[in-house]
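Only one structure is covered here, and it is reproduced in the block below.
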Amino acid sequence: MIKVTGVDNGSIAEELGLVAGTTLVSVNGRELEDFLDWEFLTSEDQFLLHVRQPDGEEIEFDIERPAAIPLGVSLEPARIRRCANRCDFCFVDGLPEGLRDVLYIRDDDYRLSFRYGNFATLTNIKEHDVQRIVEYRLSPLYVSVHATDPVIRRWLLRNPTAPDILEQLRFFASYGIRFHTQIVMSPGVNDGPVLTQTFTDLWNLGDSVLNVSVVPVGLTEFSRKDRCREPTRDECRAAVAEVERWSTRSRTERDLHWAYGADELYLRADLPLPPEEVYEGFEQVENGVGSIRFLQRCIREGAEQLRGWRGQRIGVVTGTSMGRLMPEVLAPLAEASGAHFELIALENPLFGSSVTTAGLLPGRAFVDALQGRGDLDLALIPGESVNDAGLFLDDLPFDALADLVAMPVKLSKTFVDAAPEMAA
Ligand code: SF4
């Protein structure tokens, strides 16, 4: 059963009398468990919907409408599936105490993998979930493989009962499910020959594996460093060489770029990033794979709009990781816009200097960096540093930041998304 949290004005749901608080019980006699059931079972032109109104009245609607017209309800968020693993490199263990509770949830949810591209390990799925993945054809899924050797994978996940990922992928592939995969590289554990074997096994699964990315482990001052360490420059170079070997092979044999290194891998290897065309559809850009090239493309395509900033002095605030790569972005940005950009790369005062990601910067860091800067016309804040409710990691609302600093501030992920609207 799923609770309705809102109904769109003028929608079919409103016409039927559904309200916030209505319980969606079943469709065609099948009980509804979550948004997946709702979306897939109501995808036909005609279906029977059984609801319970807040006053307890049970109603069955025989709904007939073109499938393309949405019913217009918002649903309560699904209960997140908790992770069954205890990876040494888990970002949750790397968080300091005292942050909001939701940040300590280890989610590992195939539904969010399908819907939002969150990576899942598939170690906590039950037979019922397997059937749903197949029945609803949840494809593509984003899967954290890490290693295809079951013993090494169980070690990495600290989960002695983790199923054999190759068997799982093979099974789902036989039903047409495809996968974006990632390997979080833990030096001395799944690099070297283990990485080669993992690539080989994924390659042998054929076109069901859409791509493979290698991401170096990222640790904070709070991570379990006695069990896991960050890779050295040479270890990252070796991983880049392996990635590029598979990329060359996939281009030759399958005419696609199949193997990728995260930008962070190239950064730590002290090697230049591959050219933009390597990243094709930027399918793992949210995973830090091709982010710089993606930004460069956004700037090129949005150049017209960026001209609205001409002559302004704009602060670009980010983490130290992006800070090292940002000059590659700011040069074309300045050229396209005619504005002057100042890079303000912040160390993370909450997690320590080893946490370099912009998305993990607390609001206080932005306040400290921008207060007293009367010389900027605008400051751009990384869009990924606030949640859907507009809160930074330390619970500072974005609006409060805007009140505490002298210049206007805007959240931005692509620069173009913050550029002034151009007159028609
Ligand atoms: S799979 Fe590992 S890294 Fe991901 S949430 Fe679980 S323990 Fe953390």
Legend entry - From the C-alpha gyration tensor of region 248-289, square roots of 5λ in Å: 19, 12, 8
Legend entry - Computed log₁₀ I(q)/I(0) - Debye formula, equal Cα scatterers, no solvent, region 102-171, q 0.23 Å⁻¹: -1.10
Inset, instruction - Could you grab the relative contact order for the chain? Cα pairs under 8 Å, six or more apart, rounded to a whole percent. - result: 10 percent
Legend entry - At q = 0.15 Å⁻¹, base-10 log of I(q)/I(0) for region 283-346 (Debye sum, equal scatterers on each alpha carbon): -0.46
Inset, instruction - Classify region 283-424 as rounded, prolate or oblate from the Cα gyration tensor: take a ≥ b ≥ c as the square roots of its eigenvalues, call it rounded if a/c is under 1.5, otherwise prolate when a/b beats b/c and oblate if not. - result: oblate
Legend entry - Accessible heavy-atom area order of Val19, Val285, highest first, probe of 1.4 Å: Val19, Val285
Inset, instruction - Assuming R0 = 22 Å, can you tell me the calculated FRET efficiency for the pair His340 and Arg373, based on Cβ-Cβ distance, to the nearest 0.05? - result: 0.95
Inset, instruction - Return the distance in nm (one decimal) between the two label points of a simple spin-label model at Glu286 and Tyr116, each offset 7 Å from Cα along Cα→Cβ. - result: 0.7 nm
Legend entry - Positive-pole candidate from Ser186, Ser139, Leu103, dipole of the chain, charges at beta carbon: Ser186
Legend entry - region 176-217, Cα convex hull volume normalised per residue, Å³: 57 Å³
Legend entry - Percent of C-alpha pairs per 10 Å bin, region 1-119, short to long: 12, 37, 25, 17, 9, 0
Legend entry - Surface accessible to a 1.4 Å probe, Tyr142 within the full protein complex, Å²: 40 Å²
Legend entry - Spin-label model distance (nm) - Val102 vs Leu75, 7 Å beyond Cα toward Cβ: 1.8 nm
Inset, instruction - Please say if the chain is rounded, prolate or oblate, where rounded means a/c under 1.5 for a ≥ b ≥ c the square roots of the C-alpha gyration tensor eigenvalues, and otherwise the choice is prolate for a/b larger than b/c and oblate otherwise? - result: oblate
Inset, instruction - Evaluate the relative contact order of region 75-190 (contact order divided by residue number), counting alpha-carbon pairs under 8 angstrom at least 6 apart; express in whole percent. - result: 27 percent
Legend entry - Projected label distance in nm at Ser43 and Asp8, using a 7 Å step from Cα toward the beta-carbon: 1.8 nm
Inset, instruction - Please arrange Phe341, Phe199 by accessible surface area, largest first, computed with a 1.4 Å probe and ligands excluded. - result: Phe341, Phe199
Legend entry - Carbon and sulfur %, accessible surface of the chain computed with the full protein complex present, 1.4 Å: 50 percent
Inset, instruction - Using the 2.2 N^0.38 Å rule of thumb for compact globular proteins, work out how region 173-301 stacks up: its C-alpha Rg over that value, please. - result: 1.07
Inset, instruction - Please report, largest first and rounded to whole Å, the three semi-axes of the ellipsoid equivalent to region 371-424, where each semi-axis is the square root of five times an eigenvalue of the C-alpha gyration tensor. - result: 20, 17, 9
Legend entry - Karplus-derived 3J(HN,Hα), 6.51/-1.76/1.60, for each residue of region 83-98, Hz, glycine and proline x: 7, 9, 9, 9, 3, 5, 9, 4, 5, 5, 5, x, 8, x, 6, x
Inset, instruction - Provide the FRET efficiency to the nearest 0.05 for the Asp164-Arg251 pair, computing r from the beta carbons and using R0 = 30 Å. - result: 0.50
Inset, instruction - Taking amide H positions as placed in the peptide plane 1.01 Å from N, state which residues far from Arg373 in sequence (5 or more) or on other chains have amide H under 5 Å from it. - result: Ala406
Inset, instruction - Quick one: accessible surface of Glu342, probe radius 1.4 Å, all protein chains present, in square angstrom to the nearest 10. - result: 40 Å²
Legend entry - DSSP-defined beta bridges in the chain - what % are antiparallel, rounded to 5: 40 percent
Legend entry - Within the chain, helix-based [θ] at 222 nm, where runs of 4 or more DSSP H residues each add -39,500 (n - 2.57), nearest 500: -9000 deg cm²/dmol
Legend entry - Among Leu391, Leu18, Leu219: highest mean-square fluctuation, GNM of the chain, C-alpha pairs under 10 Å: Leu18
Legend entry - Principal axis dimensions, largest first and in whole angstrom, of region 200-268 by Cα: 42, 21, 16
Legend entry - Average accessible area per residue (Å²) across region 153-264 - probe 1.4 Å, nucleic acids and ligands excluded: 43 Å²
Inset, instruction - With a/c under 1.5 counting as rounded, go ahead and sort region 227-319 into rounded, prolate or oblate using the C-alpha gyration tensor (a ≥ b ≥ c being the square roots of the eigenvalues; past the cut-off, prolate if a/b is larger than b/c, else oblate). - result: oblate
Inset, instruction - Please work out how much accessible surface Lys413 shows to a 1.4 Å probe, ignoring ligands, DNA and RNA, in Å² rounded to 10. - result: 120 Å²
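The values are calculated or read from the model by the stated rules, or taken from the named source; none is laboratory data. A quick note: this is a predicted structure, and the numbers were derived from the prediction, not measured. Please note: Cβ atoms are built from the backbone with ideal geometry, for glycine as well, and neighbour counts cover all protein chains shown. The area values use the complete protein model at the heavy-atom level, side chains included, leaving out ligands, DNA and RNA. Shrake-Rupley method; radii C 1.70, N 1.55, O 1.52, S 1.80 Å.
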